[in-house]
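Below you'll find the structure, written out as structure tokens, and then a few comments.
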Amino acid sequence: QKEVEQDPGPLSVPEGAIVSLNCTYSNSAFQYFMWYRQYSRKGPELLMYTYSSGNKEDGRFTAQVDKSSKYISLFIRDSQPSDSATYLCAMSKGAGTALIFGKGTTLSVSS
Amino acid sequence: KAGVTQTPRYLIKTRGQQVTLSCSPISGHRSVSWYQQTPGQGLQFLFEYFSETQRNKGNFPGRFSGRQFSNSRSEMNVSTLELGDSALYLCASSLDNAREAFFGQGTRLTVV
């Protein structure tokens with residue numbers, strides 16, 4: 001079993017839709033959770049960073065962490081064509097440890 | 001605030017050669033991590049440096065090595081290149097690795 005599982009999609013939605021992206025993980029030692037957006041031929045861009053369980057909101061983006069279920073989510077409200085990209089979840093156990101990534105979900109938002 | 005800078009952006013090398021990639025982290029960041037990204041394996045951790053010391057290493061052969069300088073800039077080296085080393089190599093910078101990690105644009109290495 002992989003440490004981090006993420007559905008690769010692709011996920012296609014119309015402009016204005018609410019998008020839900022998810023990852024599950026197996027190692028309860030993970031404490032720090034991140035979501036990255038990666039456009040083609042670019043480096044990953046940090047969208048959201050959370051520590052432990054709970055919700056965090058930033059503009060149109062909301063990140064949720066449920067450590068009891070080992071499940072994290074990213075919600076995108078009012079999706080735009082410019083949101084079309086690959087979304088990667090990542091997590092780590094703490095300082096000096098590696099970021100473990102999901103394989104990424106490819107999102108396409110059509111106008 | 002300047003972001004993470006990786007040079008060069010693109011490289012084409014021949015099998016058996018060696019290559020050195022460079023990463024300049026965000027000012028004030030002391031942790032630099034390196035990742036390899038391929039379509040099949042996704043992002044895989046190579047190693048992490050903090051204050052010139054390697055703190056953690058992924059499951060890559062010894063042909064992959066790195067170092068960090070006193071100004072936090074980092075280099076990674078791949079010796080005896082193989083076709084399978086063709087990938088996007090990404091550098092991530094953070095205050096202390098566990099916190100927000102910011103990536104550079106990557107170096108796309110093609111081995112022919």
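Key figures for this structure:
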quantity: Rounded to whole Å, sorted largest first: equivalent-ellipsoid semi-axes of region B:1-96, Cα gyration tensor; calculated: 22, 14, 13
quantity: Charge context of residue B:19, other residues only, Cβ under 14 angstrom, K/R +1, D/E -1; calculated: +2
quantity: Equivalent ellipsoid dimensions for the protein assembly as shown as semi-axes, Å, which come from the Cα gyration tensor, largest first; calculated: 29, 20, 16
quantity: Where GluC sites (Glu not before Pro) fall in DSSP loop in region B:1-110, at most 16 other Cβ within 10 Å; calculated: B:52, B:82, B:100
quantity: Which listed pairs, of A:103/B:13; A:42/A:67; A:67/A:93; A:93/B:57; A:67/B:57; A:56/B:57, have C-alpha distances above 21 Å, in listed order; calculated: A:103/B:13; A:42/A:67; A:67/B:57; A:56/B:57
quantity: Computed E for residue B:57/residue A:20 - FRET, C-beta separation, R0 35 angstrom, nearest 0.05; calculated: 0.50
quantity: Partner chain coverage, peptide A:98-106 - average Cβ within 10 angstrom; calculated: 5
quantity: Three-way shape call for region A:32-111 based on the alpha-carbon gyration tensor, with the a/c threshold at 1.5; calculated: oblate
quantity: Rounded to 5, the percent of DSSP beta bridges in chain B classed as antiparallel; calculated: 90
quantity: Neighbouring partner chain Cβ atoms per residue of B:38-44, average, 10 Å criterion; calculated: 4
quantity: Aspartates and glutamates whose Cα lies under 19 Å from that of residue A:70, excluding same-chain neighbours fewer than 8 positions away; calculated: A:3, A:5, A:7
quantity: 37 °C / 0.692 mPa s Stokes-Einstein diffusion coefficient of region B:70-112, Kirkwood radius on C-alpha pairs, µm²/s; calculated: 268
quantity: Cβ neighbours within 10 Å from other chains - mean over A:32-44; calculated: 4
quantity: Simple label model, 7 Å out from Cα along Cβ direction - residue A:56 to residue A:27, nm; calculated: 1.9
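We did not get these values from a lab; they are worked out from the coordinates using the rules stated. Just so it is clear, the structure is predicted and the values come from calculations on it, not from any experiment. A quick note on method: Cβ atoms are made from the backbone with ideal geometry, for glycine too, and the neighbour counts reach across all protein chains shown.
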